[in-house]
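A short write-up of the structure that comes next.
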Amino acid sequence: MAKKAKSKSKSRTPVAKSASKAKSKAAAKRAASKRAAPKSSAKSKSKSKSAASKSAASKSRVKLVERVAGGLAGAAALAGIAAVASKSRAAKRGNGKVQALKAPSKKPFGQDGKALDGVRILDFTHVQSGPTCTQLLAWFGADVIKVERPGVGDITRTQLVDVKGADSLYFTMLNHNKRSITIDSKHPQGKRVLNELIKTCDVLVENFAPGALDRMGLTWDHIHKLNPRMIVASVKGFGPGKYEDCKVYENVAQCTGGAASTTGFRDGLPLVTGAQIGDSGTGLHLALGIVAALYQRNRTGRGQKVLAAMQDGVLNLCRVKLRDQQRLAAGPLTEYSQYGEGIPFGDATPRAGNDSGGGQPGRILKCKGWEEDPNAYIYFITQAPVWGAICDVIGEPDWKTDPEFATPKARLSKLNQIFDRIEQWTMTKTKFEAMDILNEYDIPCGPILSMKEIAEDESLRKTGTLVEVDHPVRGTYLTVGNPIKLSDSISEVTRSPLLGEHTDEILTKVLGMDKKTVAEIKASGALSAPEKTDKAA
Ligand code: CAO
C-alpha cells in the first residue's frame, strides 16, 4: 500500500502573540502620535501640496493600495476565493503603464506597519455581526473607534456575564483592538461630535435595525455631504424586499438563508449550526466589502454604501446546497445516504446528516471510547484516489479489485455497508490514533475536537489563532485571534476597551478639541448617562 515516505512538512503561519505590556504601550504611543497628526486625510493634504509633495502623497497612496490589496487577499484566501488584488496589479496606473514595484521593506519581518494603517473606522456596531467585522479591520491595523450609548454601551457587555462587574466574554471576544467613546447620538451635542468624527473617519460601520441610522439623522446624504470619501457599511437581516424592515438575529438568518433546512438528519427537525454563520459570517462578508470599497475609493476618490445582508451571507455559504437543488432535476443525489437506502428524493435539497457535501463520500464514525466520550468520533472521507489504501488499512484488500467496490460509482449504493466496515476499524482506535494512522496514507480525516481540546491545542496557540489576553477587570482570558494571517501585517491582539475609556482621548487627539469645547460638550450630558435620581436608583 502507498504509505507515505516522509511525514508532511507543515508550513507555519506567522506567530501573533498577545502583546506584552511594554510592547503594547510602545505600540499605543506610536499609534497615538500617528493619530495626533493634523487632520490626516490625504484629501486635504494633497490639495495644498507642491509638485514634490504631490508625488510623496501619490507614493503613500500606492503604499496604501498595496496594503489594502494585501488585506483583501488575506480575507479572500479565508473565503476560498482567488486573490482579487495583487500588488503588481496595484502598481498598474490609469495610463496602462506598470510602475516598478517598491523594493521589499528593509524593516524587520512584520514590522512595517499594518495592512490597514491609516484607515479610521467609525464603529457604530453592536452585538455580534458588526463587531466581528470591525474587529477584523482593527486586527489589520485600522483605527476603530467604537461609539456606544452612555451608561449602557453595547448590550453584550452585560449579557451572559460570568465575572460579576466585568464586561462579558461575549463583548470582550468581539471587540479587541478598538477604542470606545460614549455618545448619545440623539443629543444635539452628541450629533456635533458625531459630525466631526464623520469628517475624520474613512468608514462608518453599523448594524442597527433598519431605519435606526436615519432616525439618528445620519442619512447617506448627510454623511456624504460632510465627507464624500466616507464608506457607509451596514449589516441588515435582509436585503431590499418584503422583509427589509425586519430585525434579525443569528438563527433567523440561518433559517432564512438555507442553512437550517439542509442541516440535520432527514427524519429530524431542521437544525441550526454552532458556527455563527449568520453573524460572524456576515461580518466577514462586510469586511471584505469594506476593503473592496476602500480599494475602489483609491481610484474614484468617492465613498459608497456597502450592504451585507445576513440572509445573503448565509446563502453564499450554503451555495453547494443550491447547487444540489438544481441537480435534483437531473435525478437523485447519489452521494447522499438516502440514495443507497432507496429513499426517494422530494422536490427540495434534503438534510443529509453527516454525509460529505462534495463528491467524496464521508461520514462521522465512532472511535474507541465513544460510549463515554461524546466527542470520540472521527470524520472519515473515502476519497477515490486513496481507496486502495483505505481497503488495506481496514483489512478489506479484496475490495480494491472487486467490481462491487472498486469504482466510486459502484460504491455509491453501498455507502452504509462500506462505512459500517470502516467503523469496525475506527472503533478499535482512539480518534487521535486513527488520525495518525490514516494521515500516513493521505486519507482525509479529522477527529471531532471538543472546545476543551481546541482550547488546549498547542499549534493554535503558537500561530496566534488562540491567544490569552489580559483584562484589567476580569484578568486573563482565552480568545480567538485573527484567523487570517498576512505575512507582513502581523496581528497583535489587545483587550477590548472599557465603556467610554477613550472618550477624552478621541475628543482631544482625534478631533483636536480644546479643553473648553470638551468641557462644554461634557456639561451638556451628551457623553454621559443621565444622573439617576434617588427614586430611580
Ligand atoms: N445613542 C442614542 N441612541 C442609540 C445609540 C446611541 N449611542 N445607539 C443605539 N441607539 C438607539 C438606536 O438609535 C435605536 O433607537 P430607535 O429605534 O429609536 O431609532 C435603538 O438604540 C435600538 O437600536 P436597534 O433597533 O438596532 O437595537 P435592538 O436591540 O432593538 O435590535 C438587532 C437589535 C440586532 C435585532 C437589530 O439591531 C438588527 O436587526 N440589526 C441588523 C441585523 C443584525 O446585525 N443582526 C445581528 C445581531 S447579532 O445576533
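Brief remarks follow.
- Virtual spin-label span in nm between Leu498 and Lys400, 7 Å along Cα→Cβ: 6.8 nm
- Karplus 3J(HN,Hα) series, Hz, for region 431-443 with 6.51 cos²θ - 1.76 cosθ + 1.60 (x for Gly, Pro): 5, 6, 4, 4, 4, 4, 5, 5, 5, 4, 10, 6, 8
- Glu456, Glu206, ranked by accessible area, largest first (probe 1.4 Å): Glu456, Glu206
- Translational diffusion of region 146-292 was estimated from the Stokes-Einstein equation, with Rh taken as the Kirkwood radius over Cα pairs; at 4 °C and 1.567 mPa s the coefficient is 74 µm²/s.
- Pairs from the list Lys199/Lys522; Lys191/Lys242; Lys321/Lys414; Lys368/Lys462; Lys114/Lys247; Lys146/Lys242 with a Cα-Cα gap above 26 Å: Lys191/Lys242; Lys368/Lys462; Lys114/Lys247; Lys146/Lys242.
- Net charge of the neighbourhood of Asp154, taken over other residues with C-beta under 12 Å away and scored Lys/Arg +1, Asp/Glu -1, is +1.
- Shape call, region 404-451: gyration tensor on alpha carbons, a/c limit 1.5: prolate
- From the C-alpha gyration tensor of region 114-194, square roots of 5λ in Å: 21, 19, 9
- Phi-derived couplings, Karplus 6.51 cos²θ - 1.76 cosθ + 1.60 at θ = phi - 60°, listed residue by residue for region 467-477: 9, 9, 10, 8, 10, x, 9, 9, x, 7, 9 Hz, with x used for Gly and Pro.
- Alpha carbon convex hull of region 290-338, volume per residue in cubic angstrom: 126 Å³
- Intensity falloff of region 351-430 expressed as log10 I(q)/I(0), Debye formula with alpha-carbon point scatterers, at q = 0.12, 0.13, 0.19 Å⁻¹: -0.34, -0.39, -0.82
- Accessible surface of region 365-473, 1.4 Å probe, proportion on carbon and sulfur as whole %: 55 percent
- Computed over region 264-410: relative contact order in percent, which uses C-alpha pairs under 8 Å that are six or more apart: 16 percent
- Amide H contacts under 5 Å for Ile231: Val203, Leu204, Gln304, restricted to partners 5 or more places along the chain or on a different chain, H placed in the peptide plane at 1.01 Å from N.
- By the Stokes-Einstein formula, at 1.567 mPa s and 4 °C, region 241-328 with its Kirkwood radius over alpha-carbon pairs has D equal to 90 µm²/s.
- Long-range HN-HN contacts of Thr182 with modeled amide H, under 5 Å: Glu148, Gly500, Thr503
- Of all accessible heavy-atom area on region 233-334, the percent that carbon and sulfur account for (1.4 Å): 58 percent
- Spin-label proximity, Glu440 to region 364-399 - amide N less than 14 Å from point 7 Å beyond Cα toward beta carbon: 389-390, 392-395
- Coordinate range along principal axes, alpha carbons of region 232-278, Å, largest first: 42, 22, 12
- Whole-percent carbon and sulfur share, accessible surface of region 140-217, 1.4 Å: 53 percent
- Residues whose placed amide H lies under 5 Å from that of Ala309, excluding near-sequence neighbours: Lys236
- A 1.4 Å probe run over region 348-464, with the rest of the protein chains in place, finds 49 Å² accessible per residue.
- Take the Cβ atoms of Asp373 and Ile343, set R0 to 25 Å, and the FRET efficiency comes out at 0.20.
- Whole-Hz couplings from phi, Karplus 6.51/-1.76/1.60, listed for region 176-181; x for Gly and Pro: 5, 6, 10, 10, 10, 10
The values are calculated or read from the model by the stated rules, or taken from the named source; none is laboratory data. What you are looking at is a predicted structure, and each value in this text was computed from that prediction instead of being measured. Cβ coordinates were reconstructed from backbone atoms using ideal geometry, including for glycine residues, and neighbour counts include every protein chain displayed. All accessible areas refer to the heavy atoms of the entire protein, side chains included, with ligands and DNA or RNA removed. Shrake-Rupley method; radii C 1.70, N 1.55, O 1.52, S 1.80 Å.
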